[in-house]
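Asker: Can you read through this structure? Questions will come right after.
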Amino acid sequence: MARPAPAAVDSIALLGTGTIGASWATHFLARGLAVTAWDPAADADARLRAFIDAAWPTMERLGLADGADPAQVRVVGDPAKAVEGAVFVQENAPEDQALKRELYRRIDPALGADAVLASSSSGLLISTLQEGMRNGARFVVGHPFNPPHLIPLVEVVGGSGTDPEVVAWTLAFYNAHGKRAIRVEREVPGHIANRLQAALLREAFHLLLSGTASAADIDAAVAHGPGLRWAFMGPFLTMHLAGGEAGFRGALGHFGPGLESWWAERGTPRLDADTIDALSRAVDEMLHGHSIAALAAERDSRLLALLAALEGSRPPPEPA
Ligand SMILES: NC(=O)c1ccc[n+]([C@@H]2O[C@H](COP(=O)([O-])OP(=O)(O)OC[C@H]3O[C@@H](n4cnc5c(N)ncnc54)[C@H](O)[C@@H]3O)[C@@H](O)[C@H]2O)c1
């Protein structure tokens with residue numbers, strides 16, 4: 001079996017249909033692909049279908065590909081059966097290295113000669129996961145952002161044993177099917193986006209714990225300030241535009257000394273029990289009793305509005 005062109009793939013296999021797997025299933029179904037899935041939970045089939053049904057009206061509002069059909073999902077009773085004949089497998093098993101390796105050992109003999117396996121893993125190294133697998137050269141990380149049926153980003157990382165051509169094919173595959181894939185050149189814990197989030201969280205916690213501002217005001221400083229730009233441009237382009245005609249280089253000349261002095265006195269909070277308690281009390285105070293379900297629904301509806309508003313607007317320049 002020769003691997004088809006990325007855009008020509010019309011079905012995928014999914015292993016694990018929890019939070020991330022069910023959302024991936026919804027995404028690929030909405031893009032018109034058929035999905036074959038396996039999950040060891042007894043109620044996996046019903047749970048997956050319930051998730052897809054609940055999310056489908058949102059996908060209709062986002063826009064469906066021709067032929068998209070929520071019924072094009074099939075849940076099978078064996079992981080090897082799920083991957084049989086699949087060109088692309090998205091693995092979403094729990095974040096446990098031994099468990100994922102055991103799963104890979106089970107499916108390795110059933111994978112096609114050109115099949116690509118992408119793990120959703122947030123923090124495990126694909127170099128370790130692929131070690132000793134017959135088809136390991138075609139294993140990559142394809143790390144989504146929750147929920148993948150709404151958030152376009154996927155971070156693609158090859159391991160030390162991954163064929164570079166497979167990384168390129170995987171990037172093209174995601175981009176051809178409605179995602180915005182980026183290449184992570186070097187395996188690092190947390191990939192890119194979670195590391196950036198972690199840097200911001202560290203300073204947000206420090207500002208709260210040092211009495212600089214309330215949780216509500218720190219959140220507002222992001223959501224009503226730089227967060228608006230971050231929906232369509234990252235820190236490099238933002239900095240370039242902060243420099244006026246002098247651009248990025250000029251901005252660093254101007255703001256560099258200030259940045260360095262803030263870095264030098266950045267916070268280093270430890271997440272011990274007392275700190276977690278203090279942070280959690282501050283967040284409870286901010287929430288005024290709003291339920292998680294109501295907040296999540298509000299998040300998803302605003303996300304949808306934002307994606308619709310950005311649709312068709314010119315993206316920031318791509319690297320040459
Ligand atoms: N939750 C997130 O925000 C998020 C974001 C990005 C990536 N991820 C990654 O996605 C993967 C799955 O995380 P999740 O949050 O969906 O977890 P989850 O606990 O919601 O779902 C895991 C699913 O795997 C099933 N499962 C159990 N044993 C299995 C096995 N041996 N093989 C296959 N499936 C098995 C469970 O029944 C469950 O349905 C992890 O690697 C995680 O790092 C999670």
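Asker: Going by Cα centres, the range 75-124 and the range 144-190 are how many Å apart?
Answerer: 16 Å
Asker: How far is the Cα center of the range 11-62 from the Cα center of the range 208-253, in Å?
Answerer: Cα centroid to Cα centroid, the span is 36 Å.
Asker: Suppose only helical runs count, i.e. DSSP H with n ≥ 4. What mean residue ellipticity at 222 nm does that imply for the chain under -39500 (n - 2.57) per run, divided by all residues and rounded to the nearest 500 deg cm²/dmol? Present the calculation step by step, with values, prior to reporting the outcome.
Answerer: On the way: 13 runs with 156 residues, N = 320.
Counting only the DSSP helices, I get -15000 deg cm²/dmol.
Asker: Let me ask you something else. Over the alpha-carbon set of the chain, work out the extent along each principal axis and list the three values in angstrom, largest first.
Answerer: 57, 46, 42
Asker: Going highest first, how would you order 33-39, 50-56 by mean Cβ packing within 10 Å? Mind showing how you got there, number by number?
Answerer: Values: 33-39: 22.3, 50-56: 16.7.
For the peptides 33-39, 50-56, the packing ranking is 33-39, 50-56.
Asker: Based on the mean of other Cβ atoms within 10 Å per residue, sort peptides 64-72, 88-96 so the most packed one is first.
Answerer: Values: 64-72: 13.3, 88-96: 21.0.
Descending mean neighbour count gives 88-96, 64-72.
Asker: How do 262-273, 216-227 rank on mean C-beta neighbours within 10 Å, highest first? Spell out each step's value before the answer.
Answerer: Values: 262-273: 9.5, 216-227: 12.9.
Ranked by mean Cβ neighbours within 10 Å, highest first: 216-227, 262-273.
Asker: Report D for the range 229-295 in µm² per second (integer): Stokes-Einstein, Kirkwood Rh on Cα pairs, 37 °C, 0.692 mPa s.
Answerer: Working: Rh = 15.6 Å.
Estimated diffusion coefficient is 210 µm²/s.
Asker: Taking N as the number of residues in the range 49-205, what is its Cα Rg relative to 2.2 N^0.38 Å? Each step should come with its number before you reach the end.
Answerer: Details: Rg = 16.3 Å, N = 157, 2.2 N^0.38 = 15.0 Å.
Expressed relative to 2.2 N^0.38 Å, the Cα Rg reads 1.09.
Asker: With an 8 Å Cα cut-off and a minimum separation of 6 or more residues, compute the relative contact order for the chain in percent. Don't skip to the end; give the middle numbers.
Answerer: On the way: 447 pairs, mean separation 42.4, N = 320.
Here the relative contact order equals 13 percent.
Asker: So how do Arg180, Arg31 line up by other beta-carbon neighbours within 10 Å, fewest first? Before the final figure, lay out the partial values.
Answerer: Working: Arg180 12, Arg31 21.
Exposure proxy ranking, most exposed first: Arg180, Arg31.
None of the figures in this text is laboratory data; all of them are computed from the coordinates on show. In this text the structure is predicted, and so the values were computed from the model without any measurement. When we count neighbours, we look across all protein chains shown, and the Cβ atoms used for this are built from the backbone with ideal geometry, even at glycine.
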